[in-house]
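Every read-out reported here was derived from the displayed coordinates using simple, explicitly stated rules and does not represent laboratory data. If you're wondering where the values come from, they're calculated on a predicted model, not measured in any experiment. All Cβ positions, glycine included, derive from the backbone under ideal geometry; neighbour counts span all protein chains shown.
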Amino acid sequence: MNVHARSLIDRAPAIHADGAAVARQLQPREPVFCFSPRVLAATVASFRAGFPGEVSYAVKANGARIVTAAMAEAGIGVFDVASVDEMEVVATTAPGARFHYHNPVKSRHEIAEAFASHGCRRFALDDVGELAKILEVVKEAPPLELAVRFRLPPHGAAAHDFSTKFGADPQGAADLLRLVAGSGHRPVLTFHPGSQCTKPEAYGRYIKVAGEIARAAGVRLAALNVGGGFPARYRDSIAPPLPAFFEEIAGSVTAAFPGEWRPALECEPGRGLVASSMSLLTRVKLVKPSRRELFLNDGIYGALMEMSQAPALAPHYRVIRDGAVRGGPVQPFIAYGPTCDPLDRIPGELLLPADIAEDDFIEFSTVGAYGAATATRFNGYGSSAIAIVADVFCG
C-alpha cells in the first residue's frame, strides 16, 4: 500500500459521509476505495431474507479482511473459497467459518492443507481424476461433501461465461455423482450461470437439468448449490430485482426435485453481495483539453480492470471538486490510466464537465467486486487504501 495513502486513512476519522467527504477531508493523492459496511450488511440481509436456502460468500470477489470481517458480522458463516490463501484470510477475520472449496482443480498439497489445517469438508470436482485425487488424499476422513460441477451451453445473459473453463456435461456429471455416492461421501451438485447474470430463467434452466442429472444417476443430493452470478447495479446492465431471481429458483427447485428428491439449497454470490458496497475515488493527473483526453491515477491495471472486460460492467461515475459533486453540461473525454502502457485506457468515452481540471476527483461506483481483488502494481501504481463511509455512491 502507498505509505501516503495509508497515513491519510490512519489519521482520518473512522467514518466519512461519502466519497465526496473523503475527497474534501483527505485530498488523497492515491486511489481510495470508499467502503460502506452498512450497505454491505443491508445487501447480506436481503439475500438471507429472500433466498430459500443457505447464503455463502465467494471470497474471490473481494478478499479484503475488512470485507470478510463485515460479512461475518452480517451473518455469513460459510465462505466459498478458491484457494488455501483465501481460507487463511477468512480464518483471521471470521473464526469458526466453514469453507466450500469450490475451485474444481486443486493440487494434492492444497487438498491436504485445506482438510488438515482449515477443517474444510466440502470439495468441488468436475473430472474423475480430481475425484480420485481427493479420495486418495483424504481416504481416512469421515464423510465429505463432494460437489460435482456441471455446465450447459452459454445462454447469453451473463457478462462472463464460466462454462468455457469448468464443469462436466450432464452425462458426465451423472457418472461422477454415482461415483461420489458409491464412495460413501455426501453428493452435492453445483453450477454457475455466469457472472452478472441478468435473466432469472437462466437459473431455472440449470436447475431443471440438475434434477435430470440426479435422477439419471439415481442419487439423492445432499445439497444443490446454484452458484453465484446474481447481478449488481451497473450503468448499462439492466436486470430484474433480486426477488425475481429468488422466486425463479424456488419454483424451479420445487418442479425439478419433487418430494423426497428435494435437496438442501445453497448459493454463493460474490459480486451480488459486495459490489455495491464500494466505490473508487480517483484523481485527475493531467487534462489535455484540445484532445479531450485526461489521465487518472488508476486504470485497467488497477481497480478498473473490469471496465475493459465487458461493457455490461461499466460503472456509474461522478466528478467531485472542492468536496462538491459537479453538475452542468458535459463533453466526451478519453480517459487513460497512469501507466506507460497504451492498453491502459478506459473503454469508450466519459461524459465529463468541459472544464474538468487537474486535481478534480472522479468517483466510480460498484467496484466492491473485482476492483481491489484484481488490481496490480504494474509500473508501481495502484493502492489498496480503504476509507469507511456511511453512504456509498451507486449512480
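Tabulated data for the structure shown
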item	result
Charged-residue dipole, Cβ positions (Lys, Arg, Asp, Glu), the chain about Cα centre, Debye nearest 20	140
Sorted by Cβ neighbour density within 10 Å, fewest at the top, the residues R29, R283	R29, R283
Listed residues P153, A49, P258: farthest to the positive end of the dipole of region 37-274 (Cβ charges)	A49
Efficiency of FRET between E136 and R178 - r from beta-carbon atoms, R0 25 angstrom, step 0.05	0.85
Spacing of the two label points (7 Å from each Cα toward its C-beta) at I238 and N379, in nm	3.7
Mean-position separation - Cα centroids, region 28-58 and region 188-226, in angstrom	25
Stretch gain in nm, segment L286-A390, where the contour uses 0.36 nm per residue and the Cα spacing is subtracted	34.4 nm
Cα long-axis angle, helix 242-256 against the chain (0 to 90 degrees, to the nearest 10)	10
Exposure proxy ranking, count of Cβ atoms within 10 Å, fewest first, for E88, E260, E358, E54	E260, E358, E88, E54
Net length gained if the chain between R345 and D169 were fully extended (0.36 nm per residue, minus Cα distance)	59.5 nm
GNM flexibility winner over the chain from R292, R345, R149 (Cα, springs under 10 Å)	R292
Calculated FRET value between Q27 and H109, using beta carbons and R₀ = 45 Å, to 0.05	0.45
Overall form of the chain per C-alpha gyration tensor (a/c, 1.5; a/b vs b/c)	prolate
With Cα atoms, 0 to 90° folded angle of helix 128-137 axis to the chain main axis	80
Distance-filtered residues of region 370-395 - backbone nitrogen under 20 Å, label point 7 angstrom along A41 Cα→Cβ	386-394
